[in-house]
Amino acid sequence: METIRQRIARLHAAEEAVALRRHLHQYPDLSEQETPTMNLLCEKLDALGIPYEKNVAETGIVALIRGASEGPVIGLRADMDALPIQEDHPELPWRSQHDGVMHACGHDAHTAVLLGAATVLASMKDELHGSVKLFFQPAEETIGGAERMIAAGCLENPHVDYTLGLHVSPDLPAGQIGIKYGQMYAASDMLTLKIYGKSCHGAHPDEGVDAIVIAANIINAVQTFVSRNVSATDSAVCTFGTIHGGNVRNQIADYVEMTGIIRTLDPQTRMFARERVRTICEQTAAMLGGRAELIVEPSYSPLINDDAVVDTVRETAAEILGAENVILRKVPSLGVEDFAYFAAERPSCFYHLGCAVDDPKRCVAHSRFFDIDEACIPVGIELQVANVLALMNR
């Protein structure tokens, strides 16, 4: 029987996937602006004879490879959007041609791996005991695309039994994967804090209420919530990433607005964190003569892998890469990932695909220097195809 690796070579799937990754890297699209990427992928799917629906969740694609016989339906997901970052790779032939936009998180590689896997799976549809749905997802970096694609029905008609996703990981070399049982990523809540004071001349601060001083005290006080109110065996993060206030240098500011995030792993800690931060903000402002209003917008849910599906991926990867190259992650990340919505709906596994390059500064995601070892792409293709076959034959 022809192996997956031999089929990848015969179809030139890896070479074409690398070429696609380079094109996407050169012409990246921001979240909610992925129409050029969507149209290019539709052309590729047409060439492969894979039927699809476009404009799902505005700029996403759902495609279907229907196998010859009935069996499980496996969903494979890749995110497509880039980041508003100016790339710093002047020597790279396929560096971004869009000023201020860059694939700094590897979504170009994810999309290339998915299309490569689709190429292989489409070539063997007459051998498949089940079907494969392909989810090319928009807006992972901003408003989220997974939840909207699910709401649009991507997990039905036909009903999806399992979903798989991956993310390039610059802390592992190509040829290794990172895998995690249970909770893999945190929940996120977005914060908007409005602080109201009283304006006056900067030379007479006693006549006003300084919103900037209130903001400074809140920033310091909020950090004690993590260090003194969250168990040392649990995890939480509260970060204010923006602060805006004041109009001129010699005036006491009467208004400051800050935005940030809370990240938590435990559902009870999540609820506690929201209320504890709210209390700190409101009471600190009141103590200093002002007023604070905290707006909490619940964001991504925690990503929780299914143990049985993780077992399948772990066994498949051990056969292909060697057990020593399957790295078991012991603790979850406080980052977030909207594949969580797929994992909440179906038994799923999300795993890390090693992609590290030799230069450490290029191994930092969301950096203008970020790059990948493209040797990870054929590895990802082989793994995803093998995972699909393993789940179909469980």
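The values are calculated or read from the model by the stated rules, or taken from the named source; none is laboratory data. Small disclaimer: the values here were computed from a predicted structure and weren't measured. Don't worry about glycine lacking a Cβ; one is built from the backbone with ideal geometry, like all the others, and counts go over all protein chains shown. Ligands, DNA and RNA are excluded from the accessible area calculation, which covers all protein heavy atoms including side chains. Shrake-Rupley method; radii C 1.70, N 1.55, O 1.52, S 1.80 Å.
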>> Would you confirm, using the coordinates I've provided, whether residue 59 is β-branched (Val, Ile, Thr) and in contact (Cβ under 8 Å) with a residue 60 or more places away in the chain?
In response: yes
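One line per residue, one yes/no per condition, for (1) in contact (Cβ under 8 Å) with a residue 12 or more places away in the chain; (2) more than 21 Å from residue 305 (Cα to Cα); (3) crowded, with 16+ Cβ neighbours inside 10 Å:
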site: 116; (1), (2), (3): yes, yes, yes
site: 120; (1), (2), (3): yes, yes, yes
site: 132; (1), (2), (3): yes, no, yes
site: 139; (1), (2), (3): yes, yes, yes
site: 150; (1), (2), (3): yes, no, yes
site: 163; (1), (2), (3): yes, no, yes
site: 168; (1), (2), (3): yes, no, yes
site: 187; (1), (2), (3): yes, no, yes
site: 192; (1), (2), (3): yes, yes, no
>> I'm checking my understanding of the structure. Among residues of the range 238-256 that are aliphatic (A, V, I, L, M) and surrounded by 16 or more Cβ atoms within 10 Å (Cβ to Cβ), which one is farthest from the chain's Cα centre (by Cα)?
In response: 252
> How many of the residues making up the range 197-213 are within 14 Å of residue 255 (Cα to Cα), open to solvent by 70 Å² or more (accessible area, probe 1.4 Å) and not in a helix (DSSP H, G or I)?
Replying inline: 1
> So which residues in the range 97-106 are of a type outside the set (S, T, N, Q) and open to solvent by 10 Å² or more (accessible area, probe 1.4 Å)?
Replying inline: 98, 99, 100, 101, 105
>> Cβ-Cβ under 7 Å, sequence separation 6+ or interchain: first residue in the range 366-394 and in contact (Cβ under 8 Å) with a residue 60 or more places away in the chain, partner open to solvent by less than 30 Å² (accessible area, probe 1.4 Å) and basic (Lys, Arg). Which pairs?
In response: 374/21; 377/21
> Do you know which of the residues in the range 214-235 that are without any contact (Cβ under 8 Å) to a residue 40 or more places away in the chain and surrounded by 16 or more Cβ atoms within 10 Å (Cβ to Cβ) is farthest from residue 332 (Cα to Cα)?
Replying inline: 219
>> Give me the strands (runs of 3 or more DSSP E) completely within the range 139-190, filtered to those with at least 2 residues that are closer than 24 Å to residue 332 by Cβ and small (Gly, Ala, Ser), ordered by residue number.
In response: 162-173
> Only one of (1) under 21 Å from the mean Cα position of the chain (by Cα); (2) under 27 Å from residue 394 (Cβ atoms); (3) among the hydrophobic types (A, V, I, L, M, F, W, C) is not met by residue 41, so which one is it?
Replying inline: (2)
> For the range 357-394, how many residues are of a type in the set (Asp, Glu) and farther than 16 Å from residue 22 by Cβ?
Replying inline: 3
> For the range 1-45, which residues satisfy the criterion of being aliphatic (A, V, I, L, M), under 29 Å from residue 85 (Cβ atoms) and open to solvent by 40 Å² or more (accessible area, probe 1.4 Å)?
Replying inline: 19, 30
>> Restricting to the range 80-91, name every residue that is open to solvent by less than 60 Å² (accessible area, probe 1.4 Å) and at pLDDT 95 or above.
In response: 80, 81, 82, 83, 85, 87, 88
> How about the range 301-349: which of its residues are of a type in the set (Phe, Trp, Tyr) and touching a strand residue (DSSP E or B) at 6+ places or on another chain (Cβ under 8 Å)?
Replying inline: 339, 342
> Of these, 109, 68, which one is aliphatic (A, V, I, L, M) and buried (at least 18 other Cβ atoms within 10 Å of the Cβ)?
Replying inline: 109
